[in-house]
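What follows is one structure encoded as C-alpha cells, with my remarks underneath.
The values are calculated or read from the model by the stated rules, or taken from the named source; none is laboratory data. Remember, predicted model here, so these are calculated numbers, not experimental data. Every residue, glycine as well, gets a Cβ built from its backbone with ideal geometry; the counts of neighbours run over all protein chains shown.
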Amino acid sequence: MTDALPPQRIAVAADIPAIRELMHASASALFPAFYDRTQAVSGAVHLAHLDTLLVDDGTYFVHEQDGELVACGGWSRRAKLYAGGAAGADDDRLLDPAAEPARVRAMFVRADWTRRGLGRALLRSSERAAVAEGFGELVLVAALPGVPLYRAYGFTEVERLTITMPDGVPIAGVEMRRRIEER
C-alpha cells in the first residue's frame with residue numbers, strides 16, 4: 001500500500017451493491033467502539049443505509065482500490081438530513097442554496113482504510129460541488145465515529161441528538177455545521 005489516496009470518482013448505479021456492502025462493513029467494524037451491541041447492530045442496518053437518490057443525483061463519491069470500494073460519501077441538495085429515522089414529508093424537496101445548507105450524507109470508510117485522508121477527500125469534493133451550486137454552508141448529522149473527522153474539518157457542534165431507528169433502538173448523533181469558506 002502507498003501513501004497516495006486511491007482514485008475518487010462519482011458513484012454510478014452499478015456501484016450500489018458494493019456501496020451497501022462497504023457501508024454495512026464499515027459500520028459493523030467501527031460502531032461497536034462507540035455504541036452498545038444493540039445500538040451498533042441497529043446502526044449497521046439503519047444508518048448504514050444508502051439513499052439511492054444520492055447516486056441518481058450525481059452527488060455521491062467513491063474511492064476504489066484494486067477493484068474494491070474503500071470509502072464512500074457525498075452531499076445532497078435535498079432536504080433529507082440522514083438515514084435511519086422516520087421519513088420526512090419533504091425529504092426529497094430541493095434546498096434553496098441561498099437560504100439553506102447543503103447536506104453531507106452517508107460517509108463511510110472501510111475500517112482498514114481509516115485515518116488516511118479519505119474522509120477529508122470526500123468532504124472536500126462534496127464542499128466543492130455544493131459551492132458550485134451556490135451553497136454557502138454544510139450541515140450533517142454525525143454518527144459518533146465520524147465526529148472527530150468532522151471537527152478536524154471545521155464543523156462545529158449544533159446539538160446532540162438521539163435518533164430512534166425504525167426498530168425502536170435509540171442512537172446518539174451530533175448535528176454539525178460548517179460555513180463554506182472562499183478558497
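Among the criteria (1) under 15 Å from the mean Cα position of the chain (by Cα); (2) farther than 17 Å from A129 by Cα, the one A29 does not fulfil is (1). Screening region 120-164 for residues that are β-branched (V, I, T) and closer than 17 Å to V174 by Cα and picking the one that is surrounded by the most Cβ atoms within 10 Å (Cβ to Cβ) gives V141. Just one residue in the set R116, R105 is in a loop (DSSP other than H, G, I, E, B), modelled with pLDDT of 95 or more and surrounded by 14 or more Cβ atoms within 10 Å (Cβ to Cβ); that residue is R116. Restricting D90, D96 to residues that are at pLDDT below 95 and in a loop (DSSP other than H, G, I, E, B) narrows the list to D90.
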